[in-house]
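The values are calculated or read from the model by the stated rules, or taken from the named source; none is laboratory data. Bear in mind that the values here come from a model prediction, so they are computed numbers and not experimental data. Note that each Cβ is placed from the backbone with ideal geometry, even for glycine, and that neighbours are counted across all protein chains shown.
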Amino acid sequence: MKTTLFDIIQDLRSGSIRIGILFYGSSATVNVLHTPANDRESIERIKNKIDQKQFRHDNAHNPSTLQAAFAEVERICITSCRNIFIPRVTVVLTSAKQPEIEKKETERFGTFLRMTVIAVGIGNQVNRTALSLVASEPFTYTISLDSFTSLVMTAKHISSLVSSVSPALHYADSPPAKYYDSNYFDWYNSIQYVVTHPKDHIVILNFETDACCNHDSEIKVYASKFDPMPTSDNSEETKSYTSEQCAIESCTTATYSQSFTTGVMSNYQCAAWKVFVAGLTCSRYRVMRFSGSRNPAGIVITDPKIVNSIAAALRASTNYAVNSNGFAWAVGTCGTGMELSAAGTICTCTNGYILKPCDVYANWGGIDGITCSPPAQSITLSFE
């Protein structure tokens, strides 16, 4: 833990940062190890405080909670975050089996403090679903690790994620909120604006764009100083722009294709699978194809919402279930990795379309047939 904190601070020190460090769970009260300084932080002084910290197992009769830690962060931020035009980020590092926090607490951070929460779970015992409720955006800001060794190796990624958060703005009136419509990709009142100077005045903006993000579609921008949900009827200014963001964020096709042998543990295929799912970082895939040598046509999903939800669940190691194209799709853990099933089950011998290269019993799945002790075949999954 100390090594990870050192590395994250070291990576962030080049920026103009203010750091607070809190520990909870091992004592009855939250231990505030360091609060943000008013002037430039002494990185070495922070490191010395961390180095002197004695870690211990949970032995308090009534241990402090994550909710109490959030309350401390809010108390500190009310003072130290005021008029500071920098990103506001809280990183939660936890090995608790069931990180307990209500989603409304995280949403409160976003609404009132302009705070982004990154949740990092350490150990296979951590409930991934509970962990995702801690994060501001489950698919973007949830990280599940199997050990503290992996935590050390992931420190640079965590600091990179912190650096990617956009600066927070200070609003004189009620802050705008972020919404999704039924098409999933339409964004309204985005809170992630980047401006060049803290005195710049930004009115409330409302964006509309095509859900499928066609490159030629227009983005309509409505602006209002008063209405929290500007539309063409109540906005003071309306402009349309050709969508460039869609072209920027168009996804490169990601393909997993491996050959499997009956009764043989798929160690190589499992390693390739883990690399593949970790690389599903695009959020605008349009098509998923699931096929193999036993059925080259396979199954095709063209609903962008479902396609991207499956990709995100595989990458984040979270459970997901949905019906599409007459199939019951399920994403979940099987063995040492993730499974994709079009049979509605996880880690079972259901016949159909199943891919689980990390199953520890050599039951790696199959296409359009038996999935336990299946015949040799190749299996291909692609996101486009």
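Each row is one residue, and each column tells you yes or no for (1) among the hydroxyl-bearing types (Ser, Thr, Tyr); (2) in contact with an Asp or Glu (Cβ under 6 Å, 6 or more places away or on another chain); (3) at pLDDT below 70.
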residue	(1), (2), (3)
VAL92	no, no, no
ALA96	no, no, no
MET115	no, no, no
THR129	yes, no, no
SER147	yes, no, no
TYR188	yes, no, yes
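Can we say GLY292 is in contact (Cβ under 8 Å) with a residue 12 or more places away in the chain, out of contact with any helix residue (DSSP H, G or I) (no Cβ under 8 Å at 6 or more places or on another chain) and not hydroxyl-bearing (Ser, Thr, Tyr)?
Answer is yes for this residue.
I need the full set of residues from segment 121-132 which are among the aliphatic types (A, V, I, L, M) and surrounded by fewer than 20 Cβ atoms within 10 Å (Cβ to Cβ), in order please.
ALA130
From the set of residues in segment 1-60 that are among the acidic types (Asp, Glu) and in contact with a helix residue (DSSP H, G or I) (Cβ under 7 Å, 6 or more places away or on another chain), which is modelled with the lowest pLDDT?
This residue is ASP11.
Can you pull out the residues in segment 240-293 that are among the aliphatic types (A, V, I, L, M), surrounded by fewer than 13 Cβ atoms within 10 Å (Cβ to Cβ), at pLDDT 90 or above and closer than 27 Å to HIS157 by Cβ?
Result: VAL275, ALA278.
Does segment 335-361 hold any residues that are of a type in the set (A, V, I, L, M, F, W, C) and out of contact with any strand residue (DSSP E or B) (no Cβ under 9 Å at 6 or more places or on another chain), and which are they?
Once the filter is applied, which keeps residues that are of a type in the set (A, V, I, L, M, F, W, C) and out of contact with any strand residue (DSSP E or B) (no Cβ under 9 Å at 6 or more places or on another chain), segment 335-361 yields only CYS349.
Considering only segment 285-352, give the strands (runs of 3 or more DSSP E) lying wholly within it that have at least 3 residues that are out of contact with any Cys (no Cβ under 8 Å at 6 or more places or on another chain).
288-292, 295-301, 320-324, 327-334
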